[in-house]
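All of the numbers you see were taken from the coordinates with simple rules; none came from a lab. Because the structure is a prediction, the values reported are computed rather than measured. Here the Cβ positions follow ideal geometry from the backbone for every residue, glycine too, while neighbour counts run over all protein chains shown.
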Amino acid sequence: MGFTQAFKLALKSLAGSKLRAFLTMLGIIIGVGSVIILVSLMQGMTGEVTSMFEDMGTNVLTVNVTGRGSSRTVDVDDMYDLYEQNTDVFMGMSPTVSVMGSVKTSTGSDSFSSTTVSGVSEQYAEINDLGLQSGRFISYADLEARSKVAVVGAYVANMLGGNAVGQTVKVNGNALIVVGVLAAQDDASEGSADDCIYLPYTTASKLTFGEISTYTFATWDASLNTQGTTILDNALYAVFENEDFYTISDMQEMIDSMEEMIGMMTMVLVGIAGISLLVGGIGIMNIMLVSVTERTREIGIRKSLGAKRRDIMRQFVIEAGTTSALGGVIGIVFGAAVAVSLGQLIGINATPSVSAVGVSFGVSVFIGVFFGFMPASKAAKLNPIDALRYD
Amino acid sequence: MSRIQQTAAQTPLIELRDIYKIYHMGDTDVHASDGVSMKIYRGEFVAIVGQSGSGKSTLMNIIGCLDVPTSGQYLLNGEDVSELTDDEQAEIRNKTLGFIFQQYNLIPKLNVQENVELSLLYAGMPADERAERARYQIARVGLAGKEKNLPSQLSGGQQQRVSIARALAGNPSVILADEPTGALDSRTSREVLDFLRKLNDEGNTIVLITHDNSIAQEAKRVIRVADGKIIFDGPAREAFPRGD
């Protein structure tokens, strides 16, 4: 008896008792379904977070200097020197000053609660790949003159009434003239990457009376990140002679370690979901054993007509495999539906990957065949005389 | 002279040589076959008759290659088949033997066509050839047009005819009928027996196992067994003298 014959027979046998077939598959359906849901959501989340970080640039190194008293310190000029000595590695550098406080429109009527205000250099636009929709970015002259100018994101520009260039925003009561509007990075909504204001770091430093302690370096390519990190580390260690007084964070490294973490979490969750696949497999084995007993006479008839052990074996293994595979397919469809709708609910793309679907299907076939083996071998070993007499 | 003697010079189709089948039941040994020897030639119609417990089922199982003897030799078509493995026996059953059972033994969820095709399926015959041969046998037993019916949609007599068609499909050397009329009323029994005679007239070798003398009488030769031994072997008319 060929494979297709056995497969058709298995489908017929399943169609003959639909409720039982469904209940037998239920374990596999739930198991495969939950694996698909978990993997899809995790992959969706990883993708989301990764693209968020990638938007900030994977070739970006951020240096944070906490400083060690007044004798050992680095200032903006030192960092610029460091950059200029290593232009083969670094594409650009910008001191970065975070400005905390209130942001209002010139009339003070509207305030922005979640706007990020940063003091940066003229190279910042290039470092972070920021495009302009109108006006200009901060210039070197602005830095020198500590000009009270600002470049605003698309959201802020919209809030200012569209034609923002020339208008004024108030940061902590200081009026800044808008000289440029950035092209939309995100969906131009509140709290997004478009909800931002950039001003010259010199101006920002004056407004906040803060010391400049953060520097954003961009390498020519993410592959130079390690080299860049080494250069910065060597230079800063030479000044501070202690690693505790500065940090260098590599965006690519952060993405990598985060992906690794999510990956590990996925493995653990999938492992737990996998237990239900095991339970499903045992369910299939149980029903196959019952089925073998019920069909003892059929097995006897087949053997009397010349079925060999391997024929009977194949019939039952394929039946178990088909049951499980069908359960797997239902589980994949069900899991994909749940994952996609859950993904839409939380705003990520959780479409199951081809590999997740392929592996789930493969595993469900394997489980059926594996757990079908014992009942099938029991059937194959039946003595035809006893089997024919069985009522 | 009788046909049995005419064919004596040929190789017997079935030859049992001093067959013993001993079952261990606790401390006692049950001799289900106790030194049985017999020869059955091509074209014969033999009834093996005996009460229940006489050992006729054991003989049927051994002849049908469903069981192996404890000792002794079984030559089928001149080939020693007394010590075969399960799968080798299956192969012999598939190629050489056709079974007709008391309970028909059709597979309930397969239709008539599929039931008749089963032995051909295990013989590895291509699908179209299988279908054609099964259709021919179904027509031969008078069930043309019922190919798609399930066994449960047929009467007992019809089901038995399907099982005859199934037995014939593999073109076996021997047809083994185990109480083929046991579950049928007298009219359908008659039909089945007539059909078996017709098959014999066409040259098929038939071995009929029964406990019923009146059924055994339909055969040409009767072998009577009791306590695992053959107590009579001869033409049917001598087996049942008038008034028996």
Per the charge dipole of segment A:69-241 (beta-carbon charges, Lys/Arg positive, Asp/Glu negative, Cα centre), the residue among A:THR219, A:LEU207, A:ASN234 reaching farthest to the positive end is A:LEU207
Wrap a convex hull around the Cα atoms of the protein assembly as shown, take a quarter of its surface area, and give that in square nanometres.
-> 46.0
Residue with peak Gaussian network fluctuation, chain B [Cα springs, cutoff 10 Å], from B:LEU110, B:LEU97, B:LEU120 = B:LEU110
Any chance you could get the radius of gyration and Dmax over the Cα atoms of segment A:147-252, in Å?
-> 17.7, 52
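Looking at the calculated P(r) for segment A:30-125, what percent of the C-alpha pair distances fall above 17 Å?
Values: 3284 of 4560 pairs.
Tail of P(r) above 17 Å: 72 percent of Cα pairs.
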Cα-projected label distance for B:SER214 with A:PHE370, points at 7 Å along beta-carbon direction, nm | 6.2
What does the average come to when, for each residue of peptide B:99-110, you count the partner chain Cβ atoms lying within 10 Å of its Cβ?
-> 4
Residue order, fewest to most surrounding Cβ atoms within 10 angstrom, among B:PHE240, A:PHE371 | B:PHE240, A:PHE371
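Select from segment B:42-112 those GluC sites (Glu not before Pro) which occupy a DSSP coil region and have at most 12 other Cβ atoms within 10 Å, ordered by residue number. Let's see the in-between values first.
Numbers: sites: B:GLU44, B:GLU79, B:GLU83, B:GLU88, B:GLU91; in loops: B:GLU44, B:GLU83.
Hits after loop and neighbour filter: B:GLU83.
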Cα-derived Rg over Rh, computed across chain B with Rh taken as Kirkwood radius | 0.97
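Hey, what number do you get for the protein assembly as shown at 222 nm if only DSSP H runs of n ≥ 4 count, each worth -39500 (n - 2.57), divided across all residues, to the nearest 500?
Details: 22 runs with 312 residues, N = 635.
That calculation yields -16000 deg cm²/dmol at 222 nm.
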On average, how many beta carbons from a partner chain sit within 10 Å of the beta carbon of a residue in A:6-17?
-> 1
Other-chain or far-sequence residues with amide H under 5 Å of A:GLY119's (modelled H) | A:VAL97, A:SER98, A:VAL99, A:LEU199
Please provide three numbers in whole Å: the alpha-carbon extents of segment B:52-139 along the principal axes, with the largest listed first.
-> 42, 30, 20
Between A:ARG72 and A:LEU23, how many nm apart are label points set 7 Å from Cα along the C-beta direction?
-> 7.4
Based only on Cα atoms, what Rg/Rh ratio does segment B:13-87 have, Rh being taken as Kirkwood's radius?
-> 0.97
Förster radius 30 Å - calculated FRET efficiency between B:ILE22 and B:ASP87 (Cβ-Cβ, nearest 0.05) | 0.75
If only Cα atoms are counted, what is the Rg of segment A:273-313, and what is its Dmax, in Å?
-> 14.0, 44
Of A:LYS381/B:LYS220; A:LYS378/B:LYS198; A:LYS12/A:LYS308; B:LYS56/B:LYS95, those spanning more than 30 Å from alpha-carbon to alpha-carbon | A:LYS381/B:LYS220; A:LYS378/B:LYS198
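Arrange A:LYS303, A:LYS8, B:LYS146 by Cβ neighbour counts within 10 Å, fewest through most, would you? Display every interim value, and only then the final one.
Values: A:LYS303 28, A:LYS8 13, B:LYS146 18.
Sorted ascending by nearby Cβ count, the order is A:LYS8, B:LYS146, A:LYS303.
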If you build a Gaussian network model of chain A, linking Cα atoms that sit under 10 Å apart, which residue out of A:SER118, A:SER223, A:SER34 swings the most?
-> A:SER223
Say each of A:ALA238 and B:GLN10 gets a label point 7 Å from the Cα, pointing the same way as Cα to Cβ; how far apart are those two points in nm?
-> 11.0
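If Lys and Arg each add +1 and Asp and Glu each add -1, what is the summed charge of the other residues whose beta carbon sits under 15 Å from the beta carbon of B:VAL30? It would help to have the intermediate numbers written out before the result.
Numbers: positive: B:LYS21, B:LYS56, B:LYS229; negative: B:ASP27, B:ASP29, B:ASP34, B:ASP67, B:ASP227.
Computed value for this residue: -2.
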Take the alpha-carbon centre of segment B:15-72, take the same for segment A:40-104, and report the distance between them in whole Å.
-> 94
Per-residue mean of C-beta atoms belonging to partner chains within 10 Å, peptide B:118-127 = 4
Can you give the angle from 0 to 90° between the axis of helix A:18-55 and the longest principal axis of chain A, with both taken from C-alpha atoms, to the nearest 10?
-> 20
What is the projected area of the convex hull of the Cα atoms of segment A:69-241, averaged over all directions, in nm²?
-> 10.5
